[in-house]
């Protein structure tokens, strides 16, 4: 079978699970199993696939048709212009989260903590973009922390990022001028409506705390007073309908200049707050 014929065959079969992304997913699968570049996949339509290549492509296609996320099949996913290793122990990095990174990079910081780091995409990206900074990446999952360590090494920041197995602040020491988190925030009711690619393959605990979806924010804010330096910032990702509720929690926790920021689609995505400076501080 030629590469072009396989792409047509795969695109037709993927339409039921990938919709408008079927053609793109077929190309990514073929590039992954052949080692071809995206350009070569586009140009080599008449090239015959080897028996091994065809077998690998069909195996990957079968996994995707079983609703396994494409990122897990490929083993990596792009985020903020970099590739991050992904496993079943981590969430797939989403473009929406790049909003949080942009906001964090908009102001100076020297020492950050990423609570519930998963792949480490947020912490690794921030350190890669800010040479002089150091940080901590925490997660309750040792398996996720191992993936974060691989990603930190791959992007040259392992020496500036300490990984800590911790349940939010429990087990974390030190103080920070930037606290960031993409915590579990999907409500219990919303979780039941998510696609199988999410509910069957990604870690439930990284997606939903159950109930109203706000318990992780409460845990983060409960420990913030002794960890966030005066004049420091806290940035958290939120669900599209949680802006008002999370902003109210930030205000109740004593943070200043609380703001809700939209993502590239105009949906509320990040809540930001500043720790008040002490009286007499500059």
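What follows draws every value from the coordinates through simple rules; no lab data is involved. On a predicted model such as this, the values are computed, not experimentally measured, just so you know. Note that we place each Cβ from the backbone using ideal geometry, even for glycine, and neighbour counts take in every protein chain shown.
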For region 125-242, what class follows from the C-alpha gyration tensor (a ≥ b ≥ c being the square roots of its eigenvalues): rounded when a/c is under 1.5, otherwise prolate if a/b is larger than b/c, else oblate?
-> oblate
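Determine the shape class of region 1-47: with a ≥ b ≥ c the square roots of the Cα gyration tensor eigenvalues, call it rounded for a/c under 1.5, and otherwise prolate if a/b is greater than b/c, oblate otherwise. Please report the intermediate quantities before stating the final value.
Values: a/c = 2.24, a/b = 1.57, b/c = 1.43.
Here region 1-47 falls in the prolate category.
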Viscosity 1.306 mPa s, temperature 10 °C: Stokes-Einstein D of region 1-122 from its Kirkwood Cα radius, in µm² per second?
-> 99 µm²/s
Computed over the chain: longest principal axis from alpha-carbon atoms vs helix 142-154 long axis, angle to nearest 10 degrees, is 80 degrees
Which parts of region 96-134 would a label at residue 218 reach, counting a residue when its backbone N lies under 15 Å from a point 7 Å out along Cα-to-Cβ?
-> none
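Under the definition of Cα pairs under 8 Å and six or more residues apart, what whole-number percent is the relative contact order of the chain? Please report the intermediate quantities before stating the final value.
Details: 508 pairs, mean separation 38.3, N = 282.
So the answer I get is 14 percent.
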Put a dot 7 Å past each Cα toward the Cβ at residue 278 and residue 13; how far apart are the dots in nm?
-> 6.5 nm
Backbone N within region 28-42 under 14 Å of label point (7 Å from residue 21 Cα along the Cβ vector) = 28-29
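Take the alpha carbon gyration tensor of region 108-182, find the square roots of its eigenvalues, order them as a ≥ b ≥ c, and report rounded if a/c is under 1.5; if not, report prolate when a/b exceeds b/c, else oblate.
Working: a/c = 1.84, a/b = 1.12, b/c = 1.64.
Oblate shape, in that a/c is at least 1.5 and b/c is the bigger or equal ratio.
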Identify which of the listed values of volume of the Cα convex hull per residue in Å³ was calculated from the structure shown: (1) 145; (2) 184; (3) 132.
-> (3)
Helical mean residue ellipticity (222 nm; -39500 (n - 2.57) per DSSP H run of 4+; nearest 500) of the chain = -11000 deg cm²/dmol
Note on region 76-170: contact order normalised by length, alpha-carbon pairs under 8 Å, 6 or more apart, percent, works out to 27 percent
Label-to-label distance, nm, for residues given as residue 260 and residue 190 (7 Å Cα→Cβ offset) = 1.2 nm
Please work out how much length the chain gains when fully extended from residue 50 to residue 83, using 0.36 nm per residue of separation minus the C-alpha to C-alpha distance, in nm with one decimal.
-> 9.1 nm
